[in-house]
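Before any comments, here is the structure.
The values are calculated or read from the model by the stated rules, or taken from the named source; none is laboratory data. Values in this document were obtained by computation on a predicted structure and should not be read as measured data. Cβ coordinates were reconstructed from backbone atoms using ideal geometry, including for glycine residues, and neighbour counts include every protein chain displayed.
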Amino acid sequence: MSHILTLSDRTVIQTLLKAGYSQKQIAEEVGVAPSTINYELKRCPKGYYDADQAQEDCEKKLTHRGRVFDVSTATVQWLSTGFLLVNGIMIPISAWLADNVPTKRLYLITMLIFFCGNLIAFQAHSFAALLVGRLIQAVGVVLPLLQIMMLEIFPANQRGQAMGLAGIVIGLAPAISPTLAGYILDHGSWRILFGMLLPIIAFVLFGALFFMKDVLPGKPSQLDLWSTITSTLGFGSLLYGFSTAGNDGWGDAKVLIALAVGLVFIALFIHRQLTMERPFLDLRVFVNHH
């Protein structure tokens, strides 16, 4: 008896066909017999599974790299999931770093780490090396640092305009990246996606080295180990749960455990911050004083 393919299964088949997977590989990914895939392709009208529209930037890059490194789409997805996990863990720590490390030094270190991550990904000859490069990229805290700096250097009546302008610049990347990445992958190597950033980052590093100044007032404090542990486990587990729910479903035991662990440690983190004299992340701004 043939396996009944769902709409989701057919979407996966369409994506993998575009990425150049064989019928046998597609059958393994979907979890059905090769004969089912063969029957499906014969049954459907000609052109049903043809490439009929441009794919999003992430999908294009992930499926292409899966074909290059001969790994499954679920494994390749860790390029996005791992980046989000590390980035989510670093955001709470960025507040402490901004208070304890001079602005210029912190910015240069952050951009240098981002440069190294791009360089490793650009030269990667295995999926493991590519994943390491992506994780190193996420260690940088450029965006949180940017917002902290803007709130400090602009007066209150100009902050809205400044943050809006920064938002336009930041939002431009996801707006043009699907088209740009699709064109690059269709006409060149995926390495260009990382390589083209290297000279830009180098130029920014050079400019910051000579022209940037320390603009944030230092407020040295000792790093609270318990706050670091609870924020890392809490936000990391919560992000992992949300990331894997898309593939495994909200009812999957792994997803539910990750979300539960994340909520427990975030609750401990919040309690810790509200009871500390100098909190790791000041959450008292959310307390209603009326």
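So residue 190 ticks every box in (1) assigned to a loop (DSSP other than H, G, I, E, B); (2) outside the structural domain of residue 144 (by TED's automatic domain parsing); (3) among the hydrophobic types (A, V, I, L, M, F, W, C) but one. Which box is left unticked? Going through the list (1) assigned to a loop (DSSP other than H, G, I, E, B); (2) outside the structural domain of residue 144 (by TED's automatic domain parsing); (3) among the hydrophobic types (A, V, I, L, M, F, W, C), residue 190 breaks only (2).
For the range 246-270, name all the residues that are farther than 28 Å from residue 286 by Cβ and either in contact (Cβ under 8 Å) with a residue 40 or more places away in the chain or not in a loop (DSSP other than H, G, I, E, B) (or both).
So the first thing to find is which residues in the range 246-270 are farther than 28 Å from residue 286 by Cβ, and the list is 246-249, 251-254.
Answer for the range 246-270, where residues must be farther than 28 Å from residue 286 by Cβ and either in contact (Cβ under 8 Å) with a residue 40 or more places away in the chain or not in a loop (DSSP other than H, G, I, E, B) (or both): 246, 247, 248, 253, 254.
Which of the residues belonging to the range 203-228 are in a helix (DSSP H, G or I) and over 19 Å from residue 173 (Cα atoms)?
205, 206, 207, 208, 209, 210, 211, 225, 226, 227, 228
Go through the residues of the range 197-211 one by one and say whether even a single one is under 26 Å from the mean Cα position of the chain (by Cα), more than 23 Å from residue 75 (Cα to Cα) and outside the structural domain of residue 102 (by TED's automatic domain parsing). Scanning the range 197-211 turns up no residue that is under 26 Å from the mean Cα position of the chain (by Cα), more than 23 Å from residue 75 (Cα to Cα) and outside the structural domain of residue 102 (by TED's automatic domain parsing).
All of (1) part of a helix (DSSP H, G or I); (2) in contact with a helix residue (DSSP H, G or I) (Cβ under 6 Å, 6 or more places away or on another chain); (3) modelled with pLDDT under 85 hold for residue 54 with one exception: (1).
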